Amino acid sequence: EAGVAQSPRYKIIEKRQSVAFWCNPISGHATLYWYQQILGQGPKLLIQFQNNGVVDDSQLPKDRFSAERLKGVDSTLKIQPAKLEDSAVYLCASSLGAGGGGETQYFGPGTRLLVL
Amino acid sequence: ILNVEQSPQSLHVQEGDSTNFTCSFPSSNFYALHWYRWETAKSPEALFVMTLNGDEKKKGRISATLNTKEGYSYLYIKGSQPEDSATYLCAFWDAGNMLTFGGGTRLMVKP
């Protein structure tokens, strides 16, 4: 079974530039998550999709971050414009069912973003 | 934002040593606790999903216990090996479906 794919693996941009990350979840997984992990901290949930609908985006900085999951499969996360404090690892994860505490999440390798 | 803490932040042990670390979480409104292992340059890997007070789970040399009444979980590694070197993350789900990760414990096992 193929795992969660993410690209790019690394990205360096200057502040005020835009950047986009892509995630392809495990086939058949209904729920997709995007996390931001800043060095020294635990991952923070940015947005959770169930199929192509948003379940939770309460911690997504909507003035600069956007995400979509077209057709309930792949997802993209965009930052526009980037700030220095956006430097982090962006993790994508998926789970089989409707999400929630009882389900195992499967993570991709992450995209490491550095904003200069 | 819920308070989920892991201790210690980092740990150096010798190969063959047994070790353990702690995840502390709110004792009210508990739904589930997850443990993950995250090796450098790899994807975080799920170790355990724990939902019941008193749960004990085991996977090879790694085991975990759960006390929801006092709000903590322990992760144990018996006979640490260099390949156990990783960051171990716990993630707390509350009954309102809010997820909070701890900051992780970084384990380094010296050969």
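What follows draws every value from the coordinates through simple rules; no lab data is involved. No experiment lies behind these values; they were computed from the predicted model shown. Reconstructed Cβ throughout: ideal geometry from the backbone, glycine too, with neighbour counts over all protein chains shown.
Annotations
- Rounded to the nearest 0.05, the FRET efficiency derived from the C-beta distance between B:Glu83 and A:Arg112 at R0 = 30 Å is 0.85.
- Radius of gyration over Kirkwood radius for the protein assembly as shown, both on Cα atoms: the Rg/Rh ratio is 0.97.
- Computed label-point distance, nm, for sites A:Ser7 and B:Arg61 using a 7 Å Cα→Cβ extension: 3.7 nm
- Shielding value for A:42-48 is 5, the average number of Cβ atoms from other chains within 10 Å of each residue's Cβ.
- Region A:43-60-region B:35-99 distance, computed between alpha-carbon centres (Å): 23 Å
- Kirkwood hydrodynamic radius of chain B, from inverse mean 1/r over distinct Cα pairs, in Å: 13.9 Å
- Two-site FRET efficiency, A:Ala98 against B:Lys42, from Cβ-Cβ distance with R₀ of 41 Å, rounded to 0.05: 0.90
- Taking label points 7 Å from Cα along the Cα-to-Cβ direction, A:Asn52 and A:Ser18 give a separation of 2.1 nm.
- Taking all Cα pairs closer than 8 Å and separated by 6 or more residues, the relative contact order of region B:21-111 comes to 32 percent.
- For the segment B:89-98, counting C-beta atoms of other chains within 10 Å of every residue's C-beta and taking the mean gives 3.
- Shielding value for A:105-111 is 4, the average number of Cβ atoms from other chains within 10 Å of each residue's Cβ.
- Pairs of alpha carbons in chain A separated by more than 25 Å make up 16% of all such pairs.
- Once the chain from B:Glu70 to B:Asn97 is taken as fully extended at 0.36 nm per residue, the excess over their C-alpha distance is 7.7 nm.
- The lysines within cross-link reach of A:Lys71, meaning a Cα-to-Cα straight distance under 29 Å and a gap of 8 or more places when in the same chain, are A:Lys11, A:Lys44, A:Lys62, B:Lys42.
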